[in-house]
Structure formats: structure tokens, C-alpha cells
Amino acid sequence: MFSRVRPFATFVKVIVVLAAIDCVVRGPFFDQSIMPYHFTPFAIVRERTGGQAFSILFEGVKRLPRPDVRVAIVGDSTVFASEKVDDLTAPAYFLGRELSRRFPGARIDVVDCSQIGLYAADAALVINRALQLDIDVLVYAVTLRALPSGPVARWTTHISSELGLTDLARLTTAGGGRWLLDTFEAPQLLDGLVYSGWATYAYRAHLKHFVWNQALQPALAHWPRLAEALKPAPLYAKTAVAPPQKRPRGYAWTRDDYGFPNSNSVALEVIGRLCQRYGPGKCFIYAGPVNPLAHDGQVEPGLYEEYMERLRVMVERHGLGWYDYTNAMTPADFVKPKFGQPYDAIHLNVAGASKFADGLASALQDQVAAVLRERHAAP
């Protein structure tokens, strides 16, 4: 009899040990190892894994002190990038600085959820997760560039493999279930159930580095070759930005590549439904600036107008905040191209990002003021 029970008892012991380890990883390990790496030493709260582990951003925000107003901004390189991508030149930093200037004495934090290359389909998943946080205002910076019918794999993130049951349920309840199944593969979604439920798996990269730094590296000090062989890969290594491929003369944004509908354009409707259901009064969407030099040669005639009309209809249908910044900037506000192109169509330089943040702060001012009034009126 005991011989039959012994395997079951061993199995239970293994489960208990794994559960105990997972509790330590979720709690003390995250606070003492992951938080200092991603949050503590920086000027702003930002996604810092290159889209490989969005969950670290969302989990970290939950552990940060609650400000008076928390703004989350989601977008692609038009939000993330400048001539020098760092915290003090990011549009999110300029936005937080300008809002704080307009509301002296209030603590206003901007959570930068942007990611270079972020397509609208991945943005919908990011927004779904962000709306589960204690967010007061959510801004989505959308551009036509984010709505291709054939997304380039290197610009997609890992977030579709990080979704838990709550994420899937919220998307489905908001009417995005069919879109979710049509857009993402089943193995991605199944992987997300493991990722979201097992912290030891989700934070395995940080755990490898912790074990290496604390135990293996000191122990192998006298065996450099073995140490080099066992050294873990860098955490979230950045992908080098390659020069754009030469393309035939013609429009960069065409109906063949950006025609409606596709999984990314349908994602706009999913975003609208999520905001209406889970963040009424919180969401603000803007169409990003376009370099005036690009208006004639960048987009196939009529396509941009169709895109803008779709945006306006979606925003009106779901009651979202909205502003069209298409023509808000001058050519001097955009970066100088690195690879010999005559102009950059959508990326602002540092001065342009600061100027643009002032305009965005004006658009959000009433929304932020309403949050502060409500917070101060609360008992």
C-alpha cells in the first residue's frame, strides 16, 4: 500500500516546492531584483524589454506608489524614438513635465507603454492590459504605418504570448474574441496561460542572471573558459535597426500594403470597444503628426483620408477623446533621415517632441483636471 502512495506523495512534494519557489519569485525576487533593474534608477516608467516581456512593466506599475494622476501612453516609434532615445528625450517625459507644470503640486506620472514598431494589433493587447491597472488617462498614438495588412515579424512583440485568462476573457467580452482567434495562433495564446500563471517561467531570464551573478560567476572565477561558456545571454538584447530596403519609386503607403480591412485596422475597433467597456472617459486617441514634405509622395491618394475617416467614426462610436495632429508640425520638427532619404515622414526630433508634448498636454488638460477634482473630492 505504501509503495502505491509514495509516488503520489513525491509528486505533491514537488508541487509544493515549485509553488513555494514561485511565491518567492513573485514577491521578494521581483521587488529586490527586477524592480531595481527596470524601474528604480530611471526618470520615467517605461517598457524596457524591447517588447519581449511587457508583463514586467504592468506588474511593476502595480507596485509603484500611486500618484495623483497616472497617464499611460501607447504607440510606436513616433512616441518612443527621437534623435537619441533615452528617458529625458522621450515624448512621455516631455508630456509628464508639461502636465506637472500646468498642475503644480500634483504628482503626475506618465507610464510609457510605447514600443518601436508597435502595430495596432499588439497595441490592442497592450491597451487591454493597461486598462487593468490603476490608470486615469490612456493615450493611444496611432499612425497609418501601424495598420499594415502584412506586418513585418521583427516589429511584432511578445505580448500575445503573455495573455492570461483575465486578458482573454476581457477581450472576448468586449467583442474581440473572433479577431483574437483570427489574428494570433493558438500556441501563442496557450503559451500565455503558462506565462501569466507561472512567475518562475515568466521571469526565467532574470533568474538565470541572478544565479549567475550570485553563485556561478564567483565559483568559476578560476575557470574563465568554462565561465564564458556558461554565461547567460544578455537580458533583452536590442535588435539593431537595419537600413530600409530600397523600394521602387512610388508611394510608401499603398492600398496593397495598408488596405482596409485587415487584422490591424480591425484592431482599432477592438481598442474602441475595450475603452468604452473598461475605461469610459479615460481613453484619448490621436492621429500622429506627418511631415508636410511627405504629404504628396508618402501615401497613395485617398488612402489617408479613408484612414482618418475610419478613425473618426470609431472614436465617435465609442465616445473617446480625439485629436488630429496630422498637420500640427513643421518639417523642422522631424528627424533628419539616417539612410539618405529626402525626409522622415513621422519621427519627431527632440525639439519637435517637446513642442508636440505641449500640444498634447493642452488636449489632455481638461481630462487631467477632472481626475484631480474627483480625487480631491473623494473622502
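The values are calculated or read from the model by the stated rules, or taken from the named source; none is laboratory data. Source: prediction; values computed, not measured. Here the Cβ positions follow ideal geometry from the backbone for every residue, glycine too, while neighbour counts run over all protein chains shown.
In this structure, does ALA202 turn out to be within 22 Å of CYS23 (Cα to Cα) and not polar (S, T, N, Q)?
yes
When you go through (1) within 19 Å of ASP76 (Cα to Cα); (2) modelled with pLDDT under 90 one by one for LEU311, which number turns out not to apply?
Of (1) within 19 Å of ASP76 (Cα to Cα); (2) modelled with pLDDT under 90, only one is false for LEU311: (2).
Go through the range 326-346 and give me each residue that's assigned to a loop (DSSP other than H, G, I, E, B) and either in contact with a Ser or Thr (Cβ under 6 Å, 6 or more places away or on another chain) or more than 30 Å from VAL266 (Cβ to Cβ) (or both).
Answer for the range 326-346, where residues must be assigned to a loop (DSSP other than H, G, I, E, B) and either in contact with a Ser or Thr (Cβ under 6 Å, 6 or more places away or on another chain) or more than 30 Å from VAL266 (Cβ to Cβ) (or both): THR330, VAL335, LYS336, PRO337, LYS338, PHE339, GLY340, GLN341, PRO342, TYR343, ILE346.
So if I check each of VAL290, VAL299, which one is modelled with pLDDT of 90 or more, of a type in the set (Val, Ile, Thr) and surrounded by 19 or more Cβ atoms within 10 Å (Cβ to Cβ)?
Of VAL290, VAL299, the one residue that is modelled with pLDDT of 90 or more, of a type in the set (Val, Ile, Thr) and surrounded by 19 or more Cβ atoms within 10 Å (Cβ to Cβ) is VAL290.
Is it the case that some residue within the range 264-285 is of a type in the set (Ser, Thr, Tyr), within 20 Å of LEU360 (Cβ to Cβ) and surrounded by 15 or more Cβ atoms within 10 Å (Cβ to Cβ)?
No - not one qualifying residue is present in the range 264-285.
Return yes when ASP167 is in contact with a Lys or Arg (Cβ under 7 Å, 6 or more places away or on another chain), more than 29 Å from GLU300 (Cβ to Cβ) and without any contact (Cβ under 8 Å) to a residue 60 or more places away in the chain and no when it is not.
yes
Going residue by residue through the range 320-327, is there one that turns out to be touching a residue at least 24 places away in the same chain (Cβ under 8 Å), surrounded by 18 or more Cβ atoms within 10 Å (Cβ to Cβ) and acidic (Asp, Glu)?
Checking the range 320-327: not a single residue is touching a residue at least 24 places away in the same chain (Cβ under 8 Å), surrounded by 18 or more Cβ atoms within 10 Å (Cβ to Cβ) and acidic (Asp, Glu).
Just to confirm my filter: which helices (runs of 4 or more DSSP H) fall fully inside the range 245-325 and include at least 3 residues that are over 27 Å from ASN349 (Cβ atoms) and under 18 Å from the mean Cα position of the chain (by Cα)?
Here the list reads 263-278.
For SER265, work out the one condition from (1) at pLDDT 95 or above; (2) within 16 Å of ILE127 (Cβ to Cβ) it doesn't fulfil.
Going through the list (1) at pLDDT 95 or above; (2) within 16 Å of ILE127 (Cβ to Cβ), SER265 breaks only (1).
Can you tell me which residues in the range 186-236 are in a loop (DSSP other than H, G, I, E, B) and more than 20 Å from the chain's Cα centre (by Cα)?
Residues satisfying the conditions are TRP198, LEU220, ALA221, HIS222, TRP223, LYS231, PRO232, ALA233, PRO234.
Filtering the range 349-370 down to residues that are of a type outside the set (Lys, Arg) and more than 21 Å from LEU138 (Cβ to Cβ), which residue is surrounded by the most Cβ atoms within 10 Å (Cβ to Cβ)?
GLY352
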